[in-house]
1. Using the C-alpha atoms of the chain, what convex hull volume per residue, in cubic angstrom, is computed?
2. Nearest 500 deg cm²/dmol is fine: what mean residue ellipticity at 222 nm does the chain get from its DSSP H runs of n ≥ 4 alone, each adding -39,500 (n - 2.57), divided by its residue count?
Amino acid sequence: MNKKQITESLSRDEVNEMIESALRRHNRRSTIISSVLGWILIGGYSFGLFHVVQNV
């Protein structure tokens, strides 16, 4: 079987641009996920704290 080889190669600038784009996308998603998890944990902590204070 003969497979066609792609002879087109990417330039260094194109590869750097792809890497920077992937890093930006990762940083944006991880920031959103971290903030959502932080708010959930703060909410759970304050909910538990209010229950403890009410029962005292």
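1. Expressed per residue, the convex hull around the Cα atoms of the chain is 101 Å³.
2. Counting only the DSSP helices, I get -29000 deg cm²/dmol.
Coordinate-derived values only; no laboratory data. Just so we're clear, the structure is a prediction, and the values are computed from it rather than from any experiment.
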